[in-house]
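Single-structure report; data block below.
The values are calculated or read from the model by the stated rules, or taken from the named source; none is laboratory data. If you're wondering where the values come from, they're calculated on a predicted model, not measured in any experiment. Cβ atoms come from the backbone with ideal geometry, glycine included; neighbour counts cover every protein chain shown.
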Amino acid sequence: MNILRKFVRFVDGLNERIGTAVSWFTTLLVLTVCLDVFTRYFLRRSSVAVQELEWHFFAVIFLLASAWALKHNKHVRVDVLYMNFKPRHQALVNLIGSLLFLLPFAVIAIWSSQNFVLNSFRIGEVSPDPGGLPARYILKSMIPIGFTLILLQGLAMAARSLDRFIHGGEDPLGDEDEPPPRGLSAREDAV
């Protein structure tokens, strides 16, 4: 159990640090969009590189922060039934969902993106648009990196859910400081 606890804490810490670092990209994205709007509408000039930079930032934010969102239970979920389940049953739903859907999807995404990324590196892919950004292969490499982070967080979530199911809803592997997922807190249920 000690190895499992270390793994869960390592993955949680890794995705927390990456999520925090990537959150600064949102500031860069906002500044880039403001620059693009200013130059396009006030200076009557437009830059392909700036426009591509906008979606490059968005892609990096989306791909690298998805594991952080999963860690903090901020992903899209239909809670109609789940929120009324007991903590032990929620843990079972999380465990089954992780094993049947999340982990296989992450593995397929990593595996299927390998040739896509390797070919991009081999040819030194750049933007096909005149004035576009160089080194598109760096952006494409974010796909397997992002899904590897999701895979790791999914494994940590499955381990935590298994432990929570075994211990009847308690979270011996989790952080004491971290609040439980929605629906597990007596305080939230009372509100």
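Can residue 112 be described as surrounded by 17 or more Cβ atoms within 10 Å (Cβ to Cβ) and closer than 29 Å to residue 10 by Cα? No: the conditions fail for residue 112.
For segment 53-68, indicate whether the set of residues that are among the β-branched types (Val, Ile, Thr), under 19 Å from the mean Cα position of the chain (by Cα) and either buried (at least 17 other Cβ atoms within 10 Å of the Cβ) or farther than 30 Å from residue 98 by Cα (or both) is non-empty.
The first filter runs over segment 53-68 and keeps only residues among the β-branched types (Val, Ile, Thr), leaving 60-61.
Imposing the further condition that a residue be under 19 Å from the mean Cα position of the chain (by Cα) reduces the set to 60-61.
Next cut, either buried (at least 17 other Cβ atoms within 10 Å of the Cβ) or farther than 30 Å from residue 98 by Cα (or both) only: 60-61.
For segment 53-68, residues among the β-branched types (Val, Ile, Thr), under 19 Å from the mean Cα position of the chain (by Cα) and either buried (at least 17 other Cβ atoms within 10 Å of the Cβ) or farther than 30 Å from residue 98 by Cα (or both): present.
Going by the structure shown, is residue 124 over 18 Å from the mean Cα position of the chain (by Cα), loosely packed, with under 14 Cβ neighbours inside 10 Å and at pLDDT 90 or above? In short, yes. Any residue at all in segment 78-95 that's loosely packed, with under 14 Cβ neighbours inside 10 Å, assigned to a helix (DSSP H, G or I) and more than 10 Å from the chain's Cα centre (by Cα)? Among the residues of segment 78-95, at least one is loosely packed, with under 14 Cβ neighbours inside 10 Å, assigned to a helix (DSSP H, G or I) and more than 10 Å from the chain's Cα centre (by Cα), which makes the answer yes. With respect to the conditions (1) in contact with a helix residue (DSSP H, G or I) (Cβ under 7 Å, 6 or more places away or on another chain); (2) charged (D, E, K, R); (3) part of a helix (DSSP H, G or I), residue 52 lacks only one, and its number is (1). Quick one: residue 88 ticks every box in (1) in contact with a helix residue (DSSP H, G or I) (Cβ under 7 Å, 6 or more places away or on another chain); (2) within 22 Å of residue 23 (Cα to Cα) bar one, so which box is it? With respect to (1) in contact with a helix residue (DSSP H, G or I) (Cβ under 7 Å, 6 or more places away or on another chain); (2) within 22 Å of residue 23 (Cα to Cα), residue 88 is out only on (2).
Matching residues to (1) acidic (Asp, Glu); (2) surrounded by fewer than 18 Cβ atoms within 10 Å (Cβ to Cβ); (3) at pLDDT below 95; (4) under 22 Å from residue 6 (Cβ atoms):
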{"residue": "104", "(1), (2), (3), (4)": "no, yes, no, no"}
{"residue": "132", "(1), (2), (3), (4)": "no, yes, yes, no"}
{"residue": "147", "(1), (2), (3), (4)": "no, no, no, no"}
{"residue": "172", "(1), (2), (3), (4)": "no, yes, yes, yes"}
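Do the conditions hold for residue 156, that is, is it surrounded by 13 or more Cβ atoms within 10 Å (Cβ to Cβ), in a helix (DSSP H, G or I) and at pLDDT 95 or above?
Working: surrounded by 13 or more Cβ atoms within 10 Å (Cβ to Cβ): yes; in a helix (DSSP H, G or I): yes; at pLDDT 95 or above: yes.
Yes: the conditions hold for residue 156.
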